[in-house]
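**Q** First, the structure itself, so that you have it in front of you.
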Amino acid sequence: MLGDQIVHETIDGETVVINLDSGSYYSLEGSGADLWSRLLAGESLNDSAAALAARHGGDAAAIGAAIAAFHRELFDQGLIDAEPTNTAAVEGYLGSFEIPQLHVYNDLRAHLLADPVHDVERGAGWPTVYPGR
């Protein structure tokens, strides 16, 4: 499900995912972190939608559409390798379910992609990366 260049960790309810190929990192909280753990556990989109609809008092089809859109975003960012089959517009009652948000950060890209042996300025040490890297 995950590429071999994807690492992740959940700390205090926030999941941080790093794509070592692109140098981007991501933050998932709330429903996004919950869905990430369900995805890693192999739970199907339909099972996730049914469980979350029961928990949040919302419409399973609407929550399923939100989950599918979230999976599409994860796929588009290269975080998962299984392409979602369909993404419909989110319509219907979500109850207390919050649409998951994927926060993308690129500010550490140069450092995440740098080779700490070959890409640092001599004498300056890590994490000083060659200009233009």
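**Q** What is the set of long-range amide H partners of residue 24 at a cut-off below 5 Å, with H atoms built 1.01 Å from backbone N?
**A** Result for residue 24 returns 19.
**Q** Can you pull the one-decimal nm distance between simple spin-label points at residue 12 and residue 81, each 7 Å off the Cα toward Cβ?
**A** Label-label distance for residue 12 and residue 81, simple model: 3.4 nm.
**Q** Which FRET efficiency value, to the nearest 0.05, is calculated for residue 105 and residue 20 with the Förster distance at 22 angstrom and r the Cβ-Cβ distance?
**A** Calculated transfer efficiency: 0.95.
Computed from the coordinates by the stated procedures, all read-outs in this text should not be read as laboratory data. Bear in mind the structure is a predicted one, so any value in this text is a computation, not a measurement. For neighbour counting, all protein chains shown are included, and Cβ atoms are generated from backbone atoms with ideal geometry for every residue, glycine included.
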